[in-house]
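J.: I'd like to ask you about the structure that follows.
The values are calculated or read from the model by the stated rules, or taken from the named source; none is laboratory data. All values derive from a computational prediction rather than experimental measurement. Cβ placement follows ideal geometry from the backbone for every residue including glycine, while neighbour counts extend to all protein chains displayed. For the accessible areas, the whole protein counts, side chains as well, though only heavy atoms, and no ligand, DNA or RNA atoms are used. Shrake-Rupley method; radii C 1.70, N 1.55, O 1.52, S 1.80 Å.
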Amino acid sequence: NSKLRHVEKDVLIPQIMRDRAKELCSDKVQAFTKCCQETGVLMVVKCRQENAALKDCLVGYYSDPSFYEECKAEYLKQREEYRATGIKKKRQKFTPNV
């Protein structure tokens, strides 16, 4: 059954999208993080370029309908697995290589 509840459409699938987009944009995440760590308080002013690049990358994935469908398929697979076994699979967390 591929019918989705409100919470699945509006919370769970977008959460998978955010996690995957961060992995796919990891180079920009690391560049922004490095800039923020180096500049400290002035990061708002000095890291605009890195922030804009990161935002463009993430928004590109968030607004892509095919990316949404990939994440939806991944969620449905996880849900089906859970319903079959009753064992919740731990979500993989993104860990930067710093």
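J.: Taking the Cα centre of the chain as the origin, how large is its charge dipole in debye, to the nearest 20, when only Lys and Arg (+1) and Asp and Glu (-1) carry charge on their Cβ atoms?
T.: Using only the charged Cβ atoms, the result is roughly 420 debye.
J.: Quick one: length gained pulling E70 to S26 fully straight, 0.36 nm per residue minus the C-alpha distance?
T.: Computed gain between E70 and S26 is 14.0 nm.
J.: Next question. Nearest 0.05, what FRET efficiency do E38 and K9 give at R0 = 35 Å with Cβ-Cβ as r?
T.: Numbers: r = 40 Å, r/R0 = 1.13.
About 0.35, to the nearest 0.05.
J.: Of all accessible surface on the chain at a 1.4 Å probe, what whole percent is carbon and sulfur? Display every interim value, and only then the final one.
T.: Working: 4060 of 7610 Å².
Using a 1.4 Å probe with all protein chains present, the chain comes out at 53 percent carbon and sulfur.
J.: Set Lys and Arg Cβ to +1 and Asp and Glu Cβ to -1, take the dipole of the range 6-79 about its Cα centre, and tell me which of C36, A52, V11 lies farthest positive.
T.: Positive-end residue among those listed: C36.
J.: Quick one: plug the Kirkwood hydrodynamic radius of the range 1-56 (C-alpha pairs) into Stokes-Einstein at 10 °C, 1.306 mPa s, and report D in µm²/s. All intermediate terms of the calculation are to be shown ahead of the outcome.
T.: Numbers: Rh = 13.1 Å.
In µm²/s, the coefficient rounds to 122.
J.: Under the rule that a partner needs its Cβ under 4.7 Å from the first Cβ, which Cys of the chain have none?
T.: By the Cβ distance rule, which asks for a partner under 4.7 Å, the isolated cysteines are C36, C71.
J.: Right, next: Before I look further, what does the chain give for accessible area per residue, probe 1.4 Å, in whole square angstrom?
T.: Here the per-residue accessible area is 78 Å².
J.: Considering lysine pairs in the chain that are 8 or more places apart or on different chains, how many have Cα atoms under 13 Å apart?
T.: Within the chain, the lysine pair count is 9.
J.: Something else now. Round to the nearest 10 and give me the degree value, 0 to 90, for the angle of helix 48-62's Cα axis relative to the longest principal axis of the chain.
T.: Taking Cα atoms only, the helix is inclined about 10 degrees.
J.: Using helices alone, what [θ] at 222 nm do you get for the chain, with -39,500 (n - 2.57) per DSSP H run of 4 or more residues, divided over all residues and rounded to the nearest 500?
T.: Helix-only estimate at 222 nm: -21500 deg cm²/dmol.
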